[in-house]
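Here's the structure, in structure tokens; my notes come after.
The values are calculated or read from the model by the stated rules, or taken from the named source; none is laboratory data. This structure is a prediction, so every number in the text was calculated from the model and none was measured. All Cβ positions, even for glycine, are placed from backbone atoms using ideal geometry, and neighbour counts span all protein chains on display. With ligands, DNA and RNA removed, areas are computed over all heavy atoms of the protein, side chains included. Shrake-Rupley method; radii C 1.70, N 1.55, O 1.52, S 1.80 Å.
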Amino acid sequence: MKVSSKTVPTFFFHGWGSSWHVEDTMAQAIKRTNTIVRVNVNKKGHARLIGKIKKNAKNPLVEVNFSDNKLTNSQYNGQYANAYDSTGARYVKNAIDLVRNKYHYSKINIVAHSMGNLEVASYIKLNAGKKNFPQIDHLVAMAGHYDGIIGIRGWGVWGVVFH
């Protein structure tokens, strides 16, 4: 099924220790669509779509849920930075790719909160130059840690090291 190219889905990425339940509150508050679906990403990175985007859906909302919502399976000596660039970025990519491959979207919007921002930033940093990277129309970053995280030295989201 091909969805109109004028329709742009918005992906919601939750923060550390959170879930799609928080995203659902935001999605319901801004609901200008007839479709809200969820993508669950398990601890191995496998993404599964829950729900269906109808052919006539306008700007569907995609609530992304990470089973490993603290990236605990990917920390190295308690350091989260490596987990964002490895696991977190892969989780984001898998969720976005699943929906894009099924419905053929070329443009997306992203709303991210807290840790979700770091995962999205890592996804962009690692994939922006690749052929199938989507056009991001809007990016809303809430409570992003772009100046680093206490206890993590020598890591910056955009290739800049923050100390």
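Among the candidates Asn42, Asn69, Asn65, Asn59, the residue that is among the polar types (S, T, N, Q), open to solvent by less than 50 Å² (accessible area, probe 1.4 Å) and modelled with pLDDT of 85 or more is uniquely Asn65. Considering only residues that are in contact with a helix residue (DSSP H, G or I) (Cβ under 8 Å, 6 or more places away or on another chain), under 17 Å from Tyr103 (Cβ atoms) and at pLDDT below 90, which ones fall in the range 13-39? Residue satisfying the conditions is Ile36 alone. Within the range 90-119, the set of residues being of a type outside the set (D, E, K, R), in a helix (DSSP H, G or I) and over 15 Å from Val39 (Cα atoms) comprises Met115, Asn117, Leu118.
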